[in-house]
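Trainee: Pasting a structure below so you can have a look.
Readers should treat all values here as calculations from the given coordinates under stated rules, not as data from a laboratory. What you see is a predicted model; the values in this text were computed from it and never measured. Positions of Cβ are generated from backbone atoms using ideal geometry, with glycine treated the same way; all protein chains shown enter the neighbour counts.
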Amino acid sequence: GAVVSQHPSRVICKSGTSVKIECRSLDFQATTMFWYRQFPKKSLMLMATSNEGSKATYEQGVEKDKFLINHASLTLSTLTVTSAHPEDSSFYICSAEDHQSYNEQFFGPGTRLTVL
Amino acid sequence: GNSVTQMEGPVTLSEEAFLTINCTYTATGYPSLFWYVQYPGEGLQLLLKATKADDKGSNKGFEATYRKETTSFHLEKGSVQVSDSAVYFCALSERNAGNMLTFGGGTRLMVKP
């Protein structure tokens, strides 16, 4: 099946710094990628839909200036958490939509962000 | 709007026991239904899916049948193993909603030897 990678898998940063998370579709092209946030023992919350070559669509309540999304190519989307604070600590998961597989979403392994 | 409700966990079973995790949904149209599994510290993996009513998805001994009349997609396995311990998410997507996935709250399964 299609493979999606995320980098880094874990990151620890100081409060006030910015962190960039990469999501790559390794063996297919993805015009649409999704970014989710998962709190401990909770379900996934969709943060935004990332479309290649255009602005991301953010879900209600998600600050677009804090969570910057760039989808510059058909295989890469990035999520930048700007001026991170401890409450941004979470597990961030991306998925990529494969049009060759009936638009099935394939998930990355996730990135655990810890803000000190 | 769309929503997915699944039984709260944790569900604790002994090895070789029968598993059922209930899932019901609310949708405006004709959704596709999915079960995803998340092992500790990892992302989600698609376990099985069904795209229309009465379809049965199956994989690795797990099964779920798309029941339109009861708006349900219950996950079953006849004999669980310790390696099945994970969190299971029921989800739906609709084409007219851009194929966005709506997830249930997740059910943690713990299988004891």
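Trainee: Taking the stretch A:47-94 as the search range and keeping residues that are of a type in the set (Val, Ile, Thr), outside any loop (DSSP other than H, G, I, E, B) and touching a Leu at 6+ places or on another chain (Cβ under 9 Å), which one is farthest from A:Ser5 (Cα to Cα)?
Mentor: Residue satisfying both the conditions and the ranking: A:Val81.
Trainee: Sticking with this one: Would you please name the residue that is farthest from the other protein chains (Cβ to nearest Cβ), looking only at residues in the stretch A:87-116 that are out of contact with any strand residue (DSSP E or B) (no Cβ under 8 Å at 6 or more places or on another chain) and either touching a residue at least 40 places away in the same chain (Cβ under 8 Å) or small (Gly, Ala, Ser) (or both)?
Mentor: Top of the filtered list is A:Gln100.
Trainee: When the residues of the stretch B:68-86 are narrowed to those that are in contact (Cβ under 8 Å) with a residue 60 or more places away in the chain and over 22 Å from B:Asp54 (Cβ atoms), which ends up nearest to the other protein chains (Cβ to nearest Cβ)?
Mentor: B:Asp84
Trainee: Next up: Is it the case, given these coordinates, that A:Leu44 is in contact with a strand residue (DSSP E or B) (Cβ under 8 Å, 6 or more places away or on another chain), surrounded by 15 or more Cβ atoms within 10 Å (Cβ to Cβ) and closer than 19 Å to A:Cys13 by Cα? Write out each step before concluding.
Mentor: On the way: in contact with a strand residue (DSSP E or B) (Cβ under 8 Å, 6 or more places away or on another chain): yes; surrounded by 15 or more Cβ atoms within 10 Å (Cβ to Cβ): yes; closer than 19 Å to A:Cys13 by Cα: no.
It is false that A:Leu44 is in contact with a strand residue (DSSP E or B) (Cβ under 8 Å, 6 or more places away or on another chain), surrounded by 15 or more Cβ atoms within 10 Å (Cβ to Cβ) and closer than 19 Å to A:Cys13 by Cα.
Trainee: Test A:Ala72 against the criterion of being small (Gly, Ala, Ser), without any contact (Cβ under 8 Å) to a residue 24 or more places away in the chain, crowded, with 17+ Cβ neighbours inside 10 Å and more than 17 Å from B:Thr102 (Cβ to Cβ), and give yes or no. Walk me through it before giving the result.
Mentor: Values: small (Gly, Ala, Ser): yes; without any contact (Cβ under 8 Å) to a residue 24 or more places away in the chain: yes; crowded, with 17+ Cβ neighbours inside 10 Å: no; more than 17 Å from B:Thr102 (Cβ to Cβ): yes.
Here the answer is no, as A:Ala72 does not meet what is asked.
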